[in-house]
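Data first, discussion second: the structure below is written as structure tokens.
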């Protein structure tokens with residue numbers, strides 16, 4: 001299965017994370033839901049859904065954390081019967097990104113946490129300064145999202 | 001090795017003339033391809049029709065040995081020698097079998113005769129050298145050593161090969177340097193003489209977990225090498241992954257003790273060598289056998305096979 | 001942190017050459033308790049060794065050898081041993097000079113106290 005990215009700098013860190021942690025699915029996104037890179041999905045609509053849900057969960061969890069302990073929750077982990085989900089913020093200059101990952105029997109939470117630390121370091125070094133939330137909420141956001149998805153799924 | 005077309009041709013000849021001696025070539029070709037059930041049927045039918053031919057009994061013996069039926073193999077070779085006392089292949093085959101069973105006096109007698117028939121056969125020379133290194137036979141004709149205890153696998157599992165009770169080699173014998181055996185014609189026989197007895201198995205796997213050399217038979221004679229190799233090569237992949245992040249250098253040995261068997265592995269070129277032994281065998285001993293198997297694999301690969 | 005395994009780990013790390021001992025969850029690779037020398041990354045050893053042990057366990061069962069009880073990995077500059085019981089794995093990290101036989105015996109005894 002191929003890794004697909006909307007920006008070149010995403011490829012190396014995301015590939016390393018997917019390979020080392022043996023993730024079945026991985027998506028790097030902006031908290032607004034804008035996707036920067038993905039592995040494991042075959043349809044753009046699934047990526048959009050995952051990003052939207054991931055961003056919403058992160059926002060809700062953040063607010064819940066603020067209500068409970070005065071600061072947002074960080075990493076979130078859900079252990080299902082066969083699959084597990086890992087959602088965590090990734091700090092970059094000028095902003096925060098989100099990594100959503102799904103893994104199964106070939107991996108473990110410990111391994112994902114371990115390789116997520118490597119991923120954080122790699123992204124912090126490679127990512128250009130984020131332009132800020134304003135650009136993500138700009139009127140051409142939908143167009144930007146569609147362009148990213150088209151680039152990743154080889155259309156247009 | 002014969003291709004499928006050649007085998008088909010010989011099958012057609014045999015079908016047209018069941019009394020044809022082509023069964024000898026056909027049976028051998030099937031044996032080399034690992035189609036032991038078919039080889040067995042061809043050999044058995046051949047012996048029924050040609051009971052007075054020592055070649056027919058020799059073929060049956062070789063197939064039986066590959067299937068792990070050593071009692072049958074021994075009986076067939078003895079039949080061949082009863083018909084033709086100087087039959088070189090039967091002398092060699094039975095000689096090796098008795099050697100592995102620890103009946104050194106009888107093994108030596110047969111292998112000396114085989115060597116006289118073919119002085120250039122280095123595998124025979126090596127076997128004789130090992131017999132003499134073991135100090136020859138005891139008064140009872142058997143090598144010293146405790147009687148074997150076969151592994152007791154968990155219910156429902158497959159035991160590692162232990163179809164014949166054989167005494168193990170002495171520690172002294174294991175410490176002796178492994179003579180370099182000539183390139184065997186069958187890659188499955190590469191580790192034959194570095195293993196103490198039939199309860200041990202060794203495989204050389206490539207980087208993809210595919211079997212390159214060695215054999216691994218279950219108690220029912222089925223060839224399990226591919227399955228076992230694929231499962232266990234995944235463990236070495238995991239070890240390699242771990243080493244990248246643990247900062248302890250490259251891995252050199254990996255050992256797994258399980259309920260029914262102990263397995264030791266070591267890198268070998270781009271692949272790995274693994275040795276499996278019954279659980280009762282001390283891990284240190286398995287490790288020594290592994291080191292010998294690694295050396296054997298290295299020499300075999302360097303020989304250009 | 002106080003856990004039922006503190007005494008066990010303290011006993012194991014007293015072996016010459018042992019640099020760290022951990023009790024780890026086999027499935028998640030997370031540390032339950034640990035005693036490690038300075039410079040040993042406990043989280044890394046925990047996650048990777050638990051994964052290795054789990055892999056060995058599954059491979060041994062699939063190959064018909066039964067349940068794996070002890071895994072030992074030797075590398076150029078160190079050794080890692082793991083013993084499993086239930087859903088926990090006892091891990092020892094050691095230098096190459098460690099007396100592996102002694103450590104193995106003590107690990108197998110200690111593992112009986114894992115629950």
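Quick note: the coordinates plus some simple rules give every number you see, no bench work behind them. This is a predicted model, so every value here is computed, not measured. When we count neighbours, we look across all protein chains shown, and the Cβ atoms used for this are built from the backbone with ideal geometry, even at glycine.
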Worksheet item: Applying 1/(1 + (r/R0)^6) with R0 = 51 Å to the Cβ-Cβ distance of residue B:303 and residue C:10, what FRET efficiency is obtained, to the nearest 0.05?
Response: 0.45
Item to complete: For residue A:82 paired with residue A:106, estimate the spin-label separation in nm (one decimal), with each label point 7 Å from Cα along the Cα-to-Cβ line.
Response: 1.5
Discussion item. Please compute, for peptide C:17-28, the average count of beta-carbon atoms on other protein chains lying within 10 Å of each residue's beta-carbon.
Written reply: 2
Practice prompt. Compute the length gained on full extension between residue A:46 and residue A:7: take 0.36 nm times their separation in residues and subtract their Cα-Cα distance, giving the result in nm to one decimal.
Written response: 12.1 nm
Discussion item. Over all directions, how big on average is the projection of the convex hull of the alpha-carbon atoms in the stretch B:171-302, in square nanometres?
Written reply: 8.4
Worksheet item: Using alpha carbons only, what's the Rg to Rh ratio of the stretch C:6-111 with Rh from Kirkwood?
Response: 0.94
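Using a 10 Å cut-off on Cβ to Cβ distances, tally the other chain neighbours for every residue of A:101-108 and report the average as a whole number.
Values: counts 0, 0, 0, 0, 4, 5, 3, 13.
For peptide A:101-108, the averaged partner shielding equals 3.
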Worksheet item: Looking at the stretch A:1-137, what % of the alpha carbon pairs are farther apart than 25 Å?
Response: 20
Practice prompt. Quick one: divide the alpha-carbon radius of gyration of the stretch B:4-133 by 2.2 N^0.38 Å and tell me what you get.
Written response: 1.09
Practice prompt. Can you tell me the FRET efficiency between residue A:63 and residue C:37 if r is taken as the Cβ-Cβ distance and R0 is 45 Å, rounded to the nearest 0.05?
Written response: 0.60
